[in-house]
1. Quick one: which residue in B:420, B:406 is at the interface with another protein chain (Cβ under 10 Å from one of its Cβ atoms), outside any strand (DSSP E or B) and under 18 Å from residue B:302 (Cα atoms)?
2. Could you tell me whether residue A:277 is more than 13 Å from every other protein chain (Cβ to nearest Cβ), hydroxyl-bearing (Ser, Thr, Tyr) and surrounded by 15 or more Cβ atoms within 10 Å (Cβ to Cβ)?
3. Look at the range A:405-425 and say how many of its residues are surrounded by 22 or more Cβ atoms within 10 Å (Cβ to Cβ) and under 20 Å from residue A:221 (Cα atoms).
4. Report, by residue number, each residue of the range A:89-111 that is closer than 22 Å to residue A:54 by Cβ and in a loop (DSSP other than H, G, I, E, B).
5. Just the residues that are aliphatic (A, V, I, L, M), away from every other protein chain (no Cβ under 13 Å), assigned to a helix (DSSP H, G or I) and under 23 Å from residue A:422 (Cβ atoms), please, taken from the range A:349-393.
6. Looking at (1) more than 7 Å from chain B (Cβ to nearest Cβ); (2) crowded, with 20+ Cβ neighbours inside 10 Å, which one does residue A:436 not meet, given that it meets all the others?
7. From A:290, A:266, A:274, grab the single residue that is touching a residue at least 24 places away in the same chain (Cβ under 8 Å) and within 23 Å of residue B:368 (Cβ to Cβ).
8. When you go through (1) in contact with a helix residue (DSSP H, G or I) (Cβ under 7 Å, 6 or more places away or on another chain); (2) assigned to a loop (DSSP other than H, G, I, E, B); (3) not basic (Lys, Arg) one by one for residue B:83, which number turns out not to apply?
There are 2 protein chains.
Amino acid sequence: MLECIVTKFGGSSLSTDEQFRKVRSILELEPTRRYLVPSAPGKRFSDDEKVTDLLYLCHSLALEGKPFADEFAKIRERYMDIARGLHLKVDIAGKLKEVEEGIAGGKGRDWCASRGEYLCALLMADYLGWRFVDAADGIVFNEEGVLDDDRTQQKLSALLADGKPAVVPGFYGAFENGEVHTFTRGGSDITGALVARAVNADVYENWTDVSGFLMADPRIIDSPAEISSITYKELRELSHMGASVLHEDAMFPVHRAGIPTNIRNTNKPYHPGTLISRNAPNEVSVPTITGIAGHKGYSVIAIEKNMMNSEVGFGRKVLQIMEEADISFEHMPTGIDSMCVVVSSEKLAPHRDEVLRRLEALVDGSGSVSVSDHLSIIATVGRGMVHNCGTAARLFSAMSRARINVRMIDQGSSELSIIVGVNDSDFEATINAIYHEFVG
Amino acid sequence: MLECIVTKFGGSSLSTDEQFRKVRSILELEPTRRYLVPSAPGKRFSDDEKVTDLLYLCHSLALEGKPFADEFAKIRERYMDIARGLHLKVDIAGKLKEVEEGIAGGKGRDWCASRGEYLCALLMADYLGWRFVDAADGIVFNEEGVLDDDRTQQKLSALLADGKPAVVPGFYGAFENGEVHTFTRGGSDITGALVARAVNADVYENWTDVSGFLMADPRIIDSPAEISSITYKELRELSHMGASVLHEDAMFPVHRAGIPTNIRNTNKPYHPGTLISRNAPNEVSVPTITGIAGHKGYSVIAIEKNMMNSEVGFGRKVLQIMEEADISFEHMPTGIDSMCVVVSSEKLAPHRDEVLRRLEALVDGSGSVSVSDHLSIIATVGRGMVHNCGTAARLFSAMSRARINVRMIDQGSSELSIIVGVNDSDFEATINAIYHEFVG
């Protein structure tokens, strides 16, 4: 039985009083949902403005000494609408005045932006009858603006130690001197993870406007299936390869604490969403693949050198050249007397001539260095592949039937994924071939 | 039309007067065969002794001050038998006496061993009516005992400049001071390659007792097919993976000079054998795969580290640790936040604890390092795979049908090969599955 759930609601889940009502009914469905981390109100319709964007705009105008009353009026309206719609007692007008004065009075950019979550949390706390706990009192940044993980865990868990239901605004914290500092955009996900860890939650629920992660990019696959269960590792592989998921920093605290994250849809509260856990739960049946993600725009630097394989240290020298140009490599397939370094074409571009010149010097006339561009890398990820000996066969058969030429294969480091390289022009066809082979 | 062929005959091709007759008839079939490099007489039957082994034995006995007359008598008998059988005029008895006195008189180990080829070449030159050219006058080693490639090319081409047919004994050369020095065993192949390069031969024929290279190890595959045509690169890949072929040093001089090598069978002179060339000749049809070779006994060092992929230089640091332990790596499959280094278990053994300790220090608590042994690596090699999009599919389907679990895949650096890693216990089954898929 679940004892404690931390919920985080995204901006679209908090855009109107109607959305606030959905949130409350979701919390009422499950009394162990005892903590809530809100974002700032998001768009109500596609052309709408996000409160946070308006706050940034007000700050910029104020900085230039220009009036920002019209823009702030839009912000005021959003919060007042919600408060009126829900008959809230909190003095939101007074709080809005403080914010407006703060912006006019030269408060910092981070403070201004953070007020979106701050005000939203005040409304929500009032609506739910829960305690408001200011994130500035619990989330600590060091002087470089980096999260102080230990201090945060210490302060936040102390703040929430009484176990009473609380609303903690997302997106920001403060330096030790109390000055507000924000995470990068989307940082409310991080706040939710930190709160979940601080109260040692059983589950961290991240409520959004989608019913979990999709197995493939919906711009490539028509209505791709949802992922019901995924491990943090699988998710990391997919997100690295371009799948749009949670920010790394938002998974880290809960991943390390062994707390599963559940991606849920505020508009479909009974849909189980996607459960992200450290180890796959006891599953009746694991699908062979969990997801597919990929990226275009890689370059392959091919290096051939006579007797390379007999030369201890050659690979290290190649990677040293890449490192000194500050280029991380994605893959390094090796043959006999040949190796390739697969890198992002964009990252290579500013150093291309220098890197090639240095590699040429390394092979020193007894080999060759060449670059070919327009490589796509596609990762097919799935914990179900580990002991399934037919996966590679099915994957390459599907690609073969689609007449796609395999330029690179890398499998073995993580048993979770098979990585293939194809021409950029085959990118979409490859994802289609693999998806339909395994998902249907 | 071929202008000049250099031939090299192995020990089994020169074991008896009957074999000498075969050699002459081979040379007579093609008058452009104008140079011959002989090994020392090999075994006449499976329990027979090789002349070179007997010479080493005589030297060792002499060094210990023991009599070696009985052993030398066996050597004498071998050469006298051939000379008698072919009615040769050369004073082989006198030459044998000189050798016996040399051994007794404290001549060096290399000189003693080299007399097998020396005497054999004397007999052959007499039998063919060709010039005898001593390898000690043309093949030069530097003070470290390493072939002086430039000096050798210069002296050997000068010695053979008149274009007259010549016999040059294999296996040895000399330091600049004239002292005889040998290649490692099997070094007659190198001599043949150096002679072929010196006379700018059109083909270097290497006559043995097999009709060329086999597509797979006959201890694993029953009567594997012969390879009719292969490139030096393909051969290098197969030989690196354990196929028993020519020594690297025996391919290098001819490969670089663009001279093809033809492996032929003295006992089947009309069989075309295996042609090794720099670029594949104009072929009517190229088989998809050229050969399969592999090795058991690799270890996989798996390294996981949080956010490894965001850390420029991590791969370089890992390879530096391997380099400082003097361990070359075979493959380095990479995943997200994980990489593996595949190394020979034997090479890892003496440094295992140290390497693991250093890698543990590198991941520094935010990851893990583990080793799994008993990995086999199998390379499927073929220039016909380059633009054949179904090869990977067929290969993995065959493995899947044989219920073999793929532990690693590496393809991409060389488009010539697909490399798979499997459990040692699946080694033979994998080679069987792949062979029968592509060869039948």
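1. Of the residues listed, the single one that is at the interface with another protein chain (Cβ under 10 Å from one of its Cβ atoms), outside any strand (DSSP E or B) and under 18 Å from residue B:302 (Cα atoms) is B:406.
2. It is true that residue A:277 is more than 13 Å from every other protein chain (Cβ to nearest Cβ), hydroxyl-bearing (Ser, Thr, Tyr) and surrounded by 15 or more Cβ atoms within 10 Å (Cβ to Cβ).
3. Count: 6.
4. Answer for the range A:89-111, where residues must be closer than 22 Å to residue A:54 by Cβ and in a loop (DSSP other than H, G, I, E, B): A:90, A:91, A:105, A:106, A:107, A:108.
5. A:349
6. Tallying (1) more than 7 Å from chain B (Cβ to nearest Cβ); (2) crowded, with 20+ Cβ neighbours inside 10 Å, residue A:436 fails exactly one: (2).
7. A:290
8. Against the list (1) in contact with a helix residue (DSSP H, G or I) (Cβ under 7 Å, 6 or more places away or on another chain); (2) assigned to a loop (DSSP other than H, G, I, E, B); (3) not basic (Lys, Arg), residue B:83 comes up short only on (2).
The values are calculated or read from the model by the stated rules, or taken from the named source; none is laboratory data. Just so it is clear, the structure is predicted and the values come from calculations on it, not from any experiment. Using ideal geometry, Cβ is built from the backbone for each residue, glycine included, and neighbour counts are taken over all protein chains shown.
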